[in-house]
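Beneath this line is the structure, given in structure tokens, with notes to follow.
The values are calculated or read from the model by the stated rules, or taken from the named source; none is laboratory data. Given the structure is predicted, the values throughout are model-derived calculations rather than measurements. Please note: Cβ atoms are built from the backbone with ideal geometry, for glycine as well, and neighbour counts cover all protein chains shown.
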Amino acid sequence: MGYETVIGLEVHCQLLTDSKLFCGCSTDYIGKEPNTNVCPVCLGLPGSLPVLNKKALEFALKAAIALNCEILPYSHFYRKNYFYPDLPKAYQITQYDIPVGRHGWIELPYSHKRIGITRIHLEEDAGKLVHPTKTGRIEHATYSLVDYNRAGVPLIEIVSEPDFSSPSEAREYLMELRSIVQHLGISDGNMELGSMRCDANVSVHREGEGLGVKVELKNMNSFKALERALNYEVERQIKLIKSGGRVEQETRHWSEPEKKTISLRGKEEAQDYRYFPEPDLLPIYVDEEILESIKSDMPELPANRRKRFVSMGIGEKEASIMVIEKSIGDYFEEAVKYFGDAKSIANWILGDFLGELNRAGLEIQDSRVKPHQLGRLLTLIKDGTISGKIAKKVFSIMFDTGDDPDEIVKREGLVQIVDRSEIEKVVEEVLSANPDAVESYRKGKANIFNFLVGQVMKATKGKANPNVVRDILQKKI
Ligand SMILES: [Zn+2]
């Protein structure tokens, strides 16, 4: 009998507002001296009063609209009480019974499965604990340091229905969700830097039986880590059940170096957060006017952009890859302005370009090759100045130096040889240097022809126009 997997995700996205959720402190805290980006409000000093950041609410509403949620006209904030050193007030201001939006959905781009969104709400981030040991892990530390620079930064939490039946679906959803917040311009969705964080609930059960016990997973800092952690956890639970054991309700931590999940705390340690309404903040009213003004300002979303790219002549799969990271889509559209053949541009971006970026560990927007330069390179291929093969070499130099393709072609002497008499000379040399090959070609070994073309290309360092070479060879042999 087989097993079925049930997964739900909780995703936190840091919003790209200039200031924190309830005070004027900057959200640009990375690399700042610890505890310098703080004020009485985000430190929770007595007598200080929070005021809601209007932009953060607008961003949360944008997300709720993009995720097809029901928008609630009235909501308010709660205090979620728990004592932990990263929380200066000993409570977090968050939403509880009435979120900004609920009952939405996302359609997955590859499987076209519809995933339910339970809710989306606004809340503030906590500070950061630093454990000064070589491993950075709390269990190895003799003391910890606290930095409140991040405390009070606005987050949206997006809770999905437990609609995923495999780890790969969960990953597909998370990538689509990131693409949506990037296209909305409300979050950069960077998992490595923690501006997008994801927790998962996982359970397995025998086919046809009731749901299994849920385990909560934390600490997955990349799409790959999420998929790995879920695969590991599904396997672990199935093995446990098969061997007659029982899955415990608990929270587990994904360890990327060890490639396994480790138990953090069990159910008996579950917290009672004693939620109660935040008395220092006014309720939130979202009227039609606010909603209409946000709706009229919605940018193009990934689903539509994919369709538009396909209508430009690109395959569905290629379009998906270019939309999954907004900056790649932006680059593509910019380059198409300089070279109209969208399919060629896409092939270059998804081939040589992404390859070089991966090797260099760079994002496309940080590349030295600008969209107009890529367009120009493709123009040089199209007008016959260089061959496709030489273009790869030129591109590689462009990638390293940021120089214009024309300049590189001139400097390195890479202009394609199209002059027939020049190529004829080389063909004759190659034919007289390879009498055996010529002989066997004449005896019927047709594939020798390509060998001879290769020899001519080699002799011209790849600069001869291959079509002219073929034409001359056919006539001479
Ligand atoms: Zn502050």
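Points to keep in mind about this one:
- Looking across segment 138-159 at every residue that is within 28 Å of the chain's Cα centre (by Cα) and acidic (Asp, Glu), the one that is farthest from the ligand (Cβ to nearest atom) is identified as GLU157.
- Residue that is surrounded by the most Cβ atoms within 10 Å (Cβ to Cβ), among those in segment 290-342 that are of a type in the set (Asp, Glu) and assigned to a helix (DSSP H, G or I): GLU318
- If you go through segment 385-418 and keep only what is part of a loop (DSSP other than H, G, I, E, B) and over 16 Å from TRP348 (Cα atoms), you end up with THR385, GLY402, ASP403, ASP404, GLU412, GLY413, LEU414, VAL415, GLN416, VAL418.
- Near pairs, Cβ below 6 angstrom, 6+ apart or cross-chain, from segment 235-260 (farther than 28 Å from GLN271 by Cβ and assigned by TED's automatic domain parsing to the domain that holds LYS214) to any residue that is of a type in the set (D, E, K, R) and surrounded by 13 or more Cβ atoms within 10 Å (Cβ to Cβ): none
- Residue in segment 105-116 that is more than 14 Å from the ligand (Cβ to nearest atom), modelled with pLDDT under 95, among the acidic types (Asp, Glu) and closer than 26 Å to GLU292 by Cα present: no
- With respect to the conditions (1) part of a loop (DSSP other than H, G, I, E, B); (2) over 25 Å from LYS382 (Cβ atoms), GLN455 lacks only one, and its number is (1).
- Flag if PHE223 is under 31 Å from the mean Cα position of the chain (by Cα) and not β-branched (Val, Ile, Thr): yes
- Residue pairs whose Cβ atoms lie under 6 Å apart, separated by 6 or more positions or on different chains, with the first residue in segment 162-175 and over 13 Å from SER203 (Cα atoms) and the second surrounded by fewer than 22 Cβ atoms within 10 Å (Cβ to Cβ) and β-branched (Val, Ile, Thr), are MET175/ILE324.
- Subset of segment 12-47 (residues that are more than 9 Å from the ligand (Cβ to nearest atom) and in contact with a helix residue (DSSP H, G or I) (Cβ under 6 Å, 6 or more places away or on another chain)): CYS13, LEU15, THR17, LEU21
- Residues satisfying the criterion are absent from segment 223-240 (criterion: at pLDDT 95 or above, of a type outside the set (A, V, I, L, M, F, W, C) and assigned to a loop (DSSP other than H, G, I, E, B)).
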